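For reference, the structure discussed in these notes is given below.
The values are calculated or read from the model by the stated rules, or taken from the named source; none is laboratory data. Nothing here was measured: the structure is a model prediction, and the numbers come from that model. Don't worry about glycine lacking a Cβ; one is built from the backbone with ideal geometry, like all the others, and counts go over all protein chains shown. SASA here: full protein model, heavy atoms, side chains in, ligands and nucleic acids out. Shrake-Rupley method; radii C 1.70, N 1.55, O 1.52, S 1.80 Å.
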Amino acid sequence: AIRYQKAKEKEADQKAKDRVQLQIAVDKLVRKGMSTEDAEKKAQTDTEEAKKKRREEAEAALKADAASQPPPKVSTATSSSDAWDVARILGTAPAATPAAPSLSLIHISEPTRLLSISYAVFCLKQKIT
C-alpha cells in the first residue's frame, strides 16, 4: 500500500511539473508576440513531440544495451544432477519420476530493476503431509 501511494505521489508530482513546464513555454511564446491560444497549442504540440523523442531515444538506448549484452546461457545439461528439475522439486512431476518432498511457493520478490536483466528471489516452503 505504501509503494502504491508513493507511486501515485510521484505520478502527481510529474503531472504538476509538466503543467509548470508547459506554462513556462506558453509564457515565452506570448512574450514573443503570439496569442495565448496559439501559444498554448504550440507549446502543447512541442511538449508532446519532445516527450515522444525522449521515449524513442530511451527505447533505442535500451535496445542498444540489450544488443551489447551477451545472450543468456541456456542449460544443455541432460542429467538431472546437472540441472534443476522444477517439476520434481514442486512435486508436479509425472508418477514415473521419483518425487521430492512437495514444496509450495510462499513469496516471489519484485524484480530488482526494469531493464532487460533483473533478478527475483523465490522462497519455497516444504509442505508437511
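Report, by residue number, each residue of region 16-37 that is open to solvent by 80 Å² or more (accessible area, probe 1.4 Å) and not in a helix (DSSP H, G or I). It would help to see each step written out before you state the result.
At the first step, the residues of region 16-37 found to be open to solvent by 80 Å² or more (accessible area, probe 1.4 Å) are 17, 19-21, 23-24, 28, 31-32, 37.
Of everything in region 16-37, just one residue is open to solvent by 80 Å² or more (accessible area, probe 1.4 Å) and not in a helix (DSSP H, G or I), namely LYS32.
So which residues in region 38-63 are of a type outside the set (S, T, N, Q) and either surrounded by fewer than 10 Cβ atoms within 10 Å (Cβ to Cβ) or touching a residue at least 12 places away in the same chain (Cβ under 8 Å) (or both)? Let's see the steps before the verdict.
Within region 38-63, the first condition is being of a type outside the set (S, T, N, Q), and the residues that meet it are 38-43, 46, 48-63.
Those that are of a type outside the set (S, T, N, Q) and either surrounded by fewer than 10 Cβ atoms within 10 Å (Cβ to Cβ) or touching a residue at least 12 places away in the same chain (Cβ under 8 Å) (or both): ALA39, GLU40, LYS42, ALA43, ASP46, LEU62.
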